[in-house]
Amino acid sequence: MRLRSLTILATLATALSCIPVAAVAASPRMQKSPSPGEIYAQKTRITHDEFVHQLEARESKEKTALPTEGCWFASDGDDVHTSVYSGVNYASGHGWWINYDCPSGTRANVTIWLEEKLSGTWYVQGNAGYGANRLPGSSSTQRVTAKMACVNFSSHEWRSQVSADLVGRADTTPLATTPTWTLACY
């Protein structure tokens, strides 16, 4: 029995020596976790101001509607909170728009993004949530979701920004900032 085990081990060692090192490194089970420095670099790649500038530039290109008589509306969102999806903890937020006196049937494109405060600066986290052609209101069919997986449970400050842009109407695209909350999510 011992001789058979040694023979199997020798055969396995010979087979493994033929596998290139790059193939082993590419194996999903063999990849190392990102270092704290790599995580921080990823989390601090775009600031709030940079993102708002990009959003304004995109919206100015999209403004093809003729100016019309204005109407009152606002962007809004819930407080950023933690949620669990498929066993993974996330910072999560929802955004929508409120119609005060725009004509019935008016729709808006809604964008929400999450921000985390790191070293005194707000940074955009994850991908922005975007919902095209939404009716007003916070129901699950009208709101837009943004979420970011938590790396660990250290406490950090979170907020979201919500932008609504009326479809087919010139508008000022109000930006809503939700209250800051400290969450056990980094």
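Sequence-distant contacts, meaning Cα pairs under 8 Å at least 6 residues apart, place the relative contact order of the stretch 123-186 at 32 percent. Taking every C-alpha pair closer than 8 Å and separated by at least 6 residues, the mean separation divided by the residue count of the stretch 36-184 gives a relative contact order of 28 percent. Over all other residues within a Cβ to Cβ distance under 15 Å of Thr178, the charged ones net out to -2, with Lys and Arg as +1 and Asp and Glu as -1. For Gly93, the shell of other residues with beta-carbons less than 14 Å away shows a net charge of -3, using +1 for Lys and Arg and -1 for Asp and Glu. Taking label positions 7 Å along the Cα-Cβ direction at both Thr141 and Ile39, the computed distance is 4.0 nm, reported to one decimal. Relative to the current alpha-carbon distance between Glu157 and Thr47, full extension at 0.36 nm per residue lengthens the span by 38.1 nm. For Lys117, neighbours were defined as the other residues whose beta-carbon sits under 9 Å from its Cβ, and their charges (Lys and Arg +1, Asp and Glu -1) total -2.
Bear in mind these aren't lab numbers, they're just calculated from the coordinates by the rules spelled out. Quick caveat: nothing in here was measured; it's all calculated off a predicted structure. So basically every Cβ, Gly included, is an ideal-geometry build from the backbone, and we count neighbours across all protein chains shown.
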